[in-house]
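Take a look at the structure below.
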Amino acid sequence: MAIYAMGDLHGCYREFKKLLEKIEFDHAKDRLYLVGDLINRGPKSEKTLNYLMKHTDSIFPVLGNHDLAFLVYAQGLICLKRHDTYDQLMQSPDVDAYIHFLRQQPLMHYIEDLDVAICHAGIHPSWSIDQALELAKEAETVLKDDELCDAFVPQMFGNQPNYWDESLTGIDRIRAIVNVFTRMRYLFADGHLDFDAKVPLSEAKEALIPWFKMPNAFGKTEVIFGHWASLGLHSENNITCIDTGCAWGEKLTAIRLDQSPHPLFHKKRKD
């Protein structure tokens, strides 16, 4: 059995399938973890979701900010941005099934036998792995419950609170959890999140610290994340970003987790 993680798909179905072929992925025995942003920006979000929905025993996604934004868009609460492709899903007769599928997905996976955590944007440096899993479950419970989700989705996105505090409650608490798991890149020295900077490390303001450079509470656990295309393939402090910008004309990356050092595999984007 081989265990892989793969970077942000963004609906790049062709590259996804080609990369599965390249690694000779066997649905009968292998496992694949996806770091989120399954849909949007790429040309084939619907085909991507259909494939994932057919292979829930072998492919295990987490949610990214683009996946969650689709839930907001589906309620008519935000407008399309340039390059957004959510309308392709909204025009499908299966749109309700896609929404339901996304709402059932977690914010974090933990592979205990490998001591590897999978998430979209990262894990707050102050969280232990056990704490992160519990907080992820809190937010996932809201997303899976029809009534709670309907109340939360209109208030899901916002830049406040821009910090984590265990005393947070209600919508603020769930929004803070979601923001860490799906939007985090840079922190200030006091642990507050900056939501504006998306630039490479060399272009960041001096006051900003990439979350993976901060002292953390999750110790030796390896963390695999995506979300940060301008960072690209980057490994530091046992933390690895595998978002290599497939949606932006670059490549899709897979990493084999059950071998050390981890082999890397790529598929270049072709428009």
Qualifying residue in the stretch 184-203 (condition: open to solvent by less than 50 Å² (accessible area, probe 1.4 Å), closer than 19 Å to PRO106 by Cα and at pLDDT 95 or above): yes
Residues of the stretch 215-238 classified as part of a loop (DSSP other than H, G, I, E, B), open to solvent by 20 Å² or more (accessible area, probe 1.4 Å) and either among the small types (Gly, Ala, Ser) or free of Cβ contacts under 8 Å to residues at least 60 places away in the same chain (or both), total: 8
Matching residues in the stretch 151-180 - criterion: being touching a residue at least 24 places away in the same chain (Cβ under 8 Å) and either open to solvent by 30 Å² or more (accessible area, probe 1.4 Å) or of a type in the set (S, T, N, Q) (or both): PRO154, PHE157, ASN159, ASN162, TYR163, TRP164
Selection within the stretch 103-146 - open to solvent by 20 Å² or more (accessible area, probe 1.4 Å) and more than 28 Å from TYR51 (Cα to Cα): SER126, SER128, ASP130, GLN131, GLU134
Looking only at the stretch 190-209, and only at residues there that are part of a loop (DSSP other than H, G, I, E, B) and closer than 22 Å to ILE177 by Cβ, the one that is farthest from the chain's Cα centre (by Cα): ASP190
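Taking helices (runs of 4 or more DSSP H) that fall entirely within the stretch 38-102, which contain at least 3 residues that are open to solvent by less than 40 Å² (accessible area, probe 1.4 Å)?
Working: elements: 45-54, 65-74, 86-90.
Those helices (runs of 4 or more DSSP H) span 45-54, 65-74.
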Search result, residues across the stretch 1-37 that are within 24 Å of THR85 (Cα to Cα), part of a loop (DSSP other than H, G, I, E, B) and of a type in the set (Phe, Trp, Tyr): none
Selected residue [under 19 Å from the mean Cα position of the chain (by Cα) and either of a type in the set (Asp, Glu) or modelled with pLDDT under 95 (or both)] from GLU147, GLU134, GLU166: GLU134
Condition broken by ALA247, with the remaining ones in (1) touching a Gly at 6+ places or on another chain (Cβ under 8 Å); (2) within 17 Å of ILE118 (Cβ to Cβ) satisfied: (2)
Among the candidates PHE70, PHE60, residue that is free of Cβ contacts under 8 Å to residues at least 60 places away in the same chain, under 14 Å from the mean Cα position of the chain (by Cα) and under 15 Å from TYR98 (Cβ atoms): PHE70
Close pairs (6 angstrom Cβ cut-off, 6 or more residues apart or separate chains): closer than 30 Å to GLY219 by Cβ in the stretch 239-268, open to solvent by 10 Å² or more (accessible area, probe 1.4 Å) and acidic (Asp, Glu) anywhere: THR244/GLU250
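Taking the condition of a type outside the set (Val, Ile, Thr), more than 19 Å from the chain's Cα centre (by Cα) and farther than 21 Å from LEU114 by Cα, does ASP87 pass?
Spelling it out, ASP87 is indeed of a type outside the set (Val, Ile, Thr), more than 19 Å from the chain's Cα centre (by Cα) and farther than 21 Å from LEU114 by Cα.
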Filter result for PHE212 (touching a Leu at 6+ places or on another chain (Cβ under 9 Å) and in a helix (DSSP H, G or I)): no
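The values are calculated or read from the model by the stated rules, or taken from the named source; none is laboratory data. Remember, it's a predicted structure, so these values are computed and weren't measured experimentally. When we count neighbours, we look across all protein chains shown, and the Cβ atoms used for this are built from the backbone with ideal geometry, even at glycine. Ligands, DNA and RNA are excluded from the accessible area calculation, which covers all protein heavy atoms including side chains. Shrake-Rupley method; radii C 1.70, N 1.55, O 1.52, S 1.80 Å.
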